[in-house]
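Scroll down for the structure; my scribbles are underneath it.
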Amino acid sequence: MKTEIININKVKSNPNNPRVIKDDKFEKLVKSIKEFPKMLELRPIVVNDDMIVLGGNMRLKACKEAGLKQIPIIKASELTEEEQREFIIKDNVGYGEWDWELINAEWDLEQLGDWGLDIFTKESEVDYSILDEEDVSEQLEQMTDGVKKAIQIEFELEHYEEASQLVKFWRDRKAYVGGMIMEYLKSEKNKI
């Protein structure tokens, strides 16, 4: 397989791509491409013979956002249709885990955050004593025959108003906010 440099407009996003990057992570990807475009040469976008992306949909979107006119690609002509579907998923699965001790010893955590790695740092201590089982058990019993339960989620002061509005937005639409949060937390855990 040979890497080709082609006009970015010849490459088509995959409409069946099951993976997305949103908001600040997407902005970090755009920034990364602008600051380190050689990375694309080392990890080209993978396309099929119809120029539809099999691997690198978000990188393609970020390249467009970064204003690139040409991008490196590799054509996966030898893959069957079933193998293409398998590649789309396997290209996005994170199999490994980070060695946080090594990372802390060898890299600058702020720089890693700038590069897009989610860094979990211990913020100031939070007093969770108000959530002790004996403190909240009576309140939980009073909630709809015990069907609903509550977990406190803390927000930085500057995010509180927006978080409150988002929860109200989804509750007004009869969405199960707890389920949405669980899905997000599980997907983030799988990346670690």
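A short reminder: the numbers here are calculations on the coordinates, not readings from a lab. Small disclaimer: the values here were computed from a predicted structure and weren't measured. Note that we place each Cβ from the backbone using ideal geometry, even for glycine, and neighbour counts take in every protein chain shown.
Some observations on this one:
- Computed E for L79/L42 - FRET, C-beta separation, R0 25 angstrom, nearest 0.05: 0.75
- ³J(HN,Hα), Karplus 6.51/-1.76/1.60, whole Hz, each residue of the stretch 12-27, x for Gly, Pro: 10, 4, 7, x, 9, 5, x, 10, 9, 10, 10, 6, 5, 5, 5, 4
- Compared with the alpha-carbon gap, the fully stretched path from K69 to E35 is longer by 10.7 nm at 0.36 nm per residue.
- Fully extended contour minus Cα-Cα distance, from N16 to W115, at 0.36 nm per residue: 32.9 nm
- Total charge dipole magnitude, the stretch 3-90, about the Cα centre, Cβ charges on Lys, Arg, Asp, Glu only, Debye to nearest 20: 480 debye
- Neighbour-count ranking [beta-carbon atoms within 10 angstrom, fewest first] of D114, D23: D23, D114
- Measuring r between the beta carbons of M182 and I8 and using R0 = 35 Å, the FRET efficiency lands at 0.40.
- L157 versus F26: modelled label distance in nm, points set 7 Å from Cα along the beta carbon direction: 3.1 nm
- Cleavage-rule hits, trypsin sites (Lys or Arg not before Pro), the stretch 1-82, DSSP coil, Cβ neighbours within 10 Å at most 14: K2, R19, K22, K69
- Theoretical FRET efficiency, 1/(1+(r/R0)^6), r = Cβ-Cβ of E106 and D172, R0 45 Å, to 0.05: 0.40
- Taking the DSSP beta bridges with both ends in the stretch 1-125, the antiparallel portion is around 65 percent.
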